[in-house]
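Scroll down for the structure; my scribbles are underneath it.
The values are calculated or read from the model by the stated rules, or taken from the named source; none is laboratory data. Please read all numbers here as calculations on a predicted model, not as lab measurements. We place every Cβ from the backbone using ideal geometry, glycine too, and count neighbours over all the protein chains shown. Protein only, heavy atoms only, side chains kept; ligands, DNA and RNA dropped before computing areas. Shrake-Rupley method; radii C 1.70, N 1.55, O 1.52, S 1.80 Å.
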Amino acid sequence: MAATWTQVWTPVHEPGGSTEEEEHLRGWVSNTDEAEDVKEQLQVAECITFVGDRKGKGFGNGILHLQNPDGKLIHMPRVRFSDIKDNVVSADSVPFAIVSRYSLRCMYGKDKNQAAKRKNEELAEKAMKEDHPLPRKRKYRRLQGSKKKGCPAMIEMKEVIRFTDYDTNDDSGMSKRAISDHIRADLRNGDKFNFERRIYIRLPSKTDHQSVHTLGKLTGFMNPMHKTVSTKLVDLVGHGVTNLNEMKRHLRAHLHTVLFPDVEKRPSITDTAFYPSDNTIRQRMYAARMQLRIMAEAGEKETHDQFEKRFSTLVIHGFVSLSTSLGIQSGLFEALIKLKDEERTVKEIADTAGLKERYVQEWLGVMVAADIVDINPETEKYSLPPHRIPFFQPGSSVSDLGVLLTELPTFGGLYKKLLDCLKKDGPQGLSYSEYTDFHAMMSNLSGRWVLHHLVQDFIPSMPQIEEQMKSGIRILDLGCGRGLASLVFAENYPNSTVVGLDFSEEAINYGKERAKEKGLTNVEFVCEDAACIPDDWNNTIDYIYTFDVIHDLAHADKVLLALNRILKPDGVFSMIDTDCKTKHSENASNALCSLMYTVSLFHCLPISLFFEGSVGLGTCWGREKATELLKDAGFRVDSITKPVGTDEAHYMCTKKVK
Ligand SMILES: C[S@@+](CC[C@H](N)C(=O)[O-])C[C@H]1O[C@@H](n2cnc3c(N)ncnc32)[C@H](O)[C@@H]1O
């Protein structure tokens with residue numbers, strides 16, 4: 001079938017013959033309107049847009065722009081007999097001059113920021129390699145996201161004047177040189193001569209685009225939502241995201257950090273499979289809510305067999321999790337990552353990790369059976385596919401699950417002590433000191449979000465606070481642990497002063513050391529019980545930040561009162577804490593909650609109940625209880641949102657006006 005634009009232009013037939021596709025790709029028209037028409041037809045046919053790249057002076061004005069108002073030539077064009085350089089103009093026997101040109105690039109064309117983007121990525125990678133990396137915001141160039149992919153496809157147009165009085169095939173025997181001299185003399189003398197104006201056009205072939213991106217419908221204008229996106233959407237609805245804009249932010253963050261961390265490989269923003277429209281998202285959210293309700297109802301009618309299946313999966317996953325944790329802590333995943341996704345023998349993997357081959361063999365057995373490590377049945381060699389790597393990479397920007405999993409053996413080690421706590425006459429709780437390397441683990445766990453989101457999108461989501469931080473305010477990071485967030489605040493907002501407070505001496509000393517190493521003078525680390533903040537701090541803090549702290553506090557009610565006391569009247573308190581409902585019945589069938597309750601049972605609850613008079617909130621104190629305590633302490637909860645990149649909730653609070 002002929003291409004639609006061939007009805008607008010005159011196709012070019014090469015003397016040597018051209019292929020059918022070539023004929024559809026080269027032709028000429030007599031004016032710019034027709035040239036515009038050809039471009040439009042191509043755009044519609046291929047669902048792609050072309051944008052102007054270089055436009056020669058006076059394009060479309062023919063010979064006029066070479067002349068002054070009296071018709072005198074001000075620029076002598078070169079007389080040609082062929083267009084050797086890029087073969088846009090077809091050569092026949094008529095000599096011609098190219099008077100102007102215009103080229104347009106595919107919308108996925110050259111990315112002018114490519115070098116800067118590469119540099120940003122290198123900086124991020126370097127920061128991740130540091131022991132306790134901090135984003136150095138000032139070194140990064142802020143770049144707008146773009147859909148450019150470096151597609152080489154271009155439309156080339158050349159405006160040509162054909163000197164029709166001359167013909168190189170005639171019998172006069174005039175040489176090309178002589179013809180050229182004649183024409184130039186005519187032009188110079190302003191003699192009248194016949195000429196014809198044409199705009200030659202060469203269009204890109206489909207393969208020009210397709211080495212880089214897809215064409216037609218596949219560019220995504222009408223694509224249905226991709227399965228990974230809709231799964232995430234359902235998941236987020238299950239976690240209580242009900243607001244459209246919040247959902248859009250989460251989906252975009254998931255796309256950019258989990259599905260396509262590599263900017264080059266990201267789909268086009270016109271691809272509705274990955275960037276669905278507001279209406280589609282709204283409809284899917286509604287459907288997901290209905291689906292969840294139906295599933296909850298169906299759960300009540302579960303059969304014996306169904307439960308057996310579910311229970312066996314649950315038990316199996318428990319065991320596999322323990323082996324997976326062993327793989328993380330023993331360095332086996334690190335070895336697999338180091339060996340890239342190429343297939344390796346047990347010996348190669350064991351040697352790289354520096355471990356005994358026989359044990360490694362057994363571990364690989366678990367991983368293969370659980371579909372975490374792949375095996376080639378012909379060679380019996382193992383590999384970790386690239387899409388699984390980020391989940392096991394130290395300092396991963398994608399997931400906290402690997403870090404969380406390392407807590408499993410710690411919990412196992414405390415099993416007997418916890419059993420005693422459960423007994424009526426047993427101890428009240430467990431001391432922090434029972435949890436080996438807790439602060440290191442916690443810093444890694446919250447570190448992913450702190451390093452990739454705190455100053456990148458969380459603080460900017462509160463523009464007023466961000467402005468104040470830039471100008472200089474006093475920030476308190478309460479329960480700061482090893483102080484990563486305090487250091488990030490201090491480094492990114494040098495005009496502000498930051499106080500990191502925690503009652504763990506070990507954690508506070510770690511923070512102090514890092515601040516010294518970084519040469520930061522605007523951060524101070526204080527080792528103090530949050531319930532004993534002195535009175536001279538009253539009304540001195542502009543912004544209070546807590547991450548995963550309040551539910552752990554034995555005397556959360558008293559601490560919240562103290563926070564209200566030290567916050568300035570127009571100050572803001574960002575309480576980032578676990579997100580669930582207070583009532584068990586409202587957390588039913590929520591997988592994430594089942595994990596959080598386990599963390600609570602083995603850690604948050606016993607460390608809180610360890611102290612005399614503890615309120616023992618536990619990890620899953622829930623939105624309702626949290627709001628109640630905040631209000632009782634004199635706060636107004638202005639909003640509860642889910643920050644991008646975490647499952648936690650952000651309670652943004654201000655002081656109630658008395
Ligand atoms: C779950 S950790 C969170 C640490 C840190 N915010 C982070 O994101 O990594 C809770 C922190 O609260 C601290 N903490 C608990 N009770 C405290 C209290 N009464 N006074 C000061 N700090 C306390 C613990 O030492 C621990 O570092």
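Return the pair list, or none, for Cβ contacts closer than 6 Å from residues in segment 541-556 that are touching a residue at least 12 places away in the same chain (Cβ under 8 Å) to residues that are open to solvent by 10 Å² or more (accessible area, probe 1.4 Å) and within 7 Å of the ligand (Cβ to nearest atom), at least 6 apart or on different chains.
Here the result reads Thr546/Gly479; Phe547/Ser446; Val549/Gly479; His555/Ala531, each pair linking segment 541-556 to a residue that is open to solvent by 10 Å² or more (accessible area, probe 1.4 Å) and within 7 Å of the ligand (Cβ to nearest atom).
Cβ-Cβ under 8 Å, sequence separation 6+ or interchain: first residue in segment 249-276 and outside the structural domain of Lys117 (by TED's automatic domain parsing) and among the acidic types (Asp, Glu), partner outside any helix (DSSP H, G or I) and open to solvent by less than 20 Å² (accessible area, probe 1.4 Å). Which pairs?
From segment 249-276, the pairs are Asp271/Gly220.
Mind counting the residues in segment 466-481 that are in contact (Cβ under 8 Å) with a residue 12 or more places away in the chain, open to solvent by 10 Å² or more (accessible area, probe 1.4 Å) and more than 7 Å from the ligand (Cβ to nearest atom)?
So the count comes out to 6.
Might you let me know whether segment 181-193 holds any residue that is open to solvent by 30 Å² or more (accessible area, probe 1.4 Å), touching an Asp or Glu at 6+ places or on another chain (Cβ under 6 Å), modelled with pLDDT of 85 or more and not in a loop (DSSP other than H, G, I, E, B)?
no
Could you list, in sequence order, the residues of segment 421-449 that are more than 14 Å from the ligand (Cβ to nearest atom) and under 16 Å from Cys604 (Cα atoms)? Full working, then the answer.
Step one: of segment 421-449, the residues more than 14 Å from the ligand (Cβ to nearest atom) are 421-428, 436.
Selection gives Cys421, Leu422, Pro427, Gln428, Thr436.
Name every residue in segment 96-120 that is under 21 Å from the mean Cα position of the chain (by Cα) and not in a loop (DSSP other than H, G, I, E, B), in order of residue number.
Gln114, Ala115, Ala116, Lys117, Arg118, Lys119, Asn120
Exactly one condition in (1) touching a residue at least 60 places away in the same chain (Cβ under 8 Å); (2) touching a helix residue (DSSP H, G or I) at 6+ places or on another chain (Cβ under 6 Å); (3) at negative phi is not met by Asn587; state its number.
(1)
Return the residues of segment 482-503 that are surrounded by fewer than 20 Cβ atoms within 10 Å (Cβ to Cβ) and either within 16 Å of the ligand (Cβ to nearest atom) or not assigned by TED's automatic domain parsing to the domain that holds Asp548 (or both); say none if nothing qualifies.
Phe503
List the number of the failed condition for Gln291; all other conditions in (1) open to solvent by less than 60 Å² (accessible area, probe 1.4 Å); (2) over 26 Å from Arg388 (Cβ atoms) hold.
Only one criterion in (1) open to solvent by less than 60 Å² (accessible area, probe 1.4 Å); (2) over 26 Å from Arg388 (Cβ atoms) is unmet by Gln291, namely (1).
Of everything in segment 526-557 that's open to solvent by 20 Å² or more (accessible area, probe 1.4 Å) and assigned to a strand (DSSP E or B), which residue is farthest from the ligand (Cβ to nearest atom)?
Among residues in segment 526-557 that are open to solvent by 20 Å² or more (accessible area, probe 1.4 Å) and assigned to a strand (DSSP E or B), the one farthest from the ligand (Cβ to nearest atom) is Asp542.
If Thr228 meets every condition in (1) among the β-branched types (Val, Ile, Thr); (2) in contact with a Gly (Cβ under 9 Å, 6 or more places away or on another chain); (3) modelled with pLDDT of 85 or more apart from one, which number is that one?
(2) is the only condition that Thr228 fails.
Residues are listed down the side, and each one gets a yes or a no for (1) open to solvent by 10 Å² or more (accessible area, probe 1.4 Å); (2) within 12 Å of the ligand (Cβ to nearest atom); (3) part of a strand (DSSP E or B); (4) among the β-branched types (Val, Ile, Thr):
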site: Val559; (1), (2), (3), (4): no, yes, no, yes
site: Ala562; (1), (2), (3), (4): no, yes, no, no
site: Val572; (1), (2), (3), (4): yes, no, yes, yes
site: Ile576; (1), (2), (3), (4): no, yes, yes, yes
site: Asp579; (1), (2), (3), (4): yes, no, no, no
site: Thr582; (1), (2), (3), (4): yes, no, no, yes
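Can you confirm whether segment 316-323 contains a residue that is under 24 Å from Val366 (Cα atoms), open to solvent by less than 90 Å² (accessible area, probe 1.4 Å), among the β-branched types (Val, Ile, Thr) and modelled with pLDDT of 80 or more?
The answer is yes, given that some residue of segment 316-323 is under 24 Å from Val366 (Cα atoms), open to solvent by less than 90 Å² (accessible area, probe 1.4 Å), among the β-branched types (Val, Ile, Thr) and modelled with pLDDT of 80 or more.
Please enumerate the residues belonging to segment 393-419 that are in contact (Cβ under 8 Å) with a residue 24 or more places away in the chain, touching an Asp or Glu at 6+ places or on another chain (Cβ under 8 Å) and open to solvent by 40 Å² or more (accessible area, probe 1.4 Å).
Pro394
Regarding Leu454, is this residue within 12 Å of the ligand (Cβ to nearest atom), at pLDDT 95 or above and either surrounded by 19 or more Cβ atoms within 10 Å (Cβ to Cβ) or over 23 Å from Asn522 (Cα atoms) (or both)?
Yes.
Can you name every residue in segment 604-658 that is touching a helix residue (DSSP H, G or I) at 6+ places or on another chain (Cβ under 9 Å), surrounded by fewer than 18 Cβ atoms within 10 Å (Cβ to Cβ), in contact (Cβ under 8 Å) with a residue 60 or more places away in the chain and in a strand (DSSP E or B)?
Matches in segment 604-658: Thr641 only.
Could you check how many residues of segment 506-517 are under 21 Å from Ile550 (Cβ atoms) and either loosely packed, with under 15 Cβ neighbours inside 10 Å or more than 13 Å from the ligand (Cβ to nearest atom) (or both)?
Summing the residues that are under 21 Å from Ile550 (Cβ atoms) and either loosely packed, with under 15 Cβ neighbours inside 10 Å or more than 13 Å from the ligand (Cβ to nearest atom) (or both) in segment 506-517 gives 0.
For a quick check of your reading: which helices (runs of 4 or more DSSP H) sit entirely within segment 368-483 and have at least 3 residues that are in contact with a strand residue (DSSP E or B) (Cβ under 9 Å, 6 or more places away or on another chain)?
Helices (runs of 4 or more DSSP H) meeting the threshold: 438-449, 463-471.
Suppose we keep only residues that are part of a helix (DSSP H, G or I) and more than 31 Å from the chain's Cα centre (by Cα) within segment 331-352. Which one would you say is surrounded by the fewest Cβ atoms within 10 Å (Cβ to Cβ)?
Just the residues of segment 331-352 that are part of a helix (DSSP H, G or I), to begin with: 332-338, 346-352.
Imposing the further condition that a residue be more than 31 Å from the chain's Cα centre (by Cα) reduces the set to 346-352.
Values: Val346: 18, Lys347: 11, Glu348: 17, Ile349: 25, Ala350: 21, Asp351: 14, Thr352: 18.
Across segment 331-352, the extreme among qualifying residues is Lys347.
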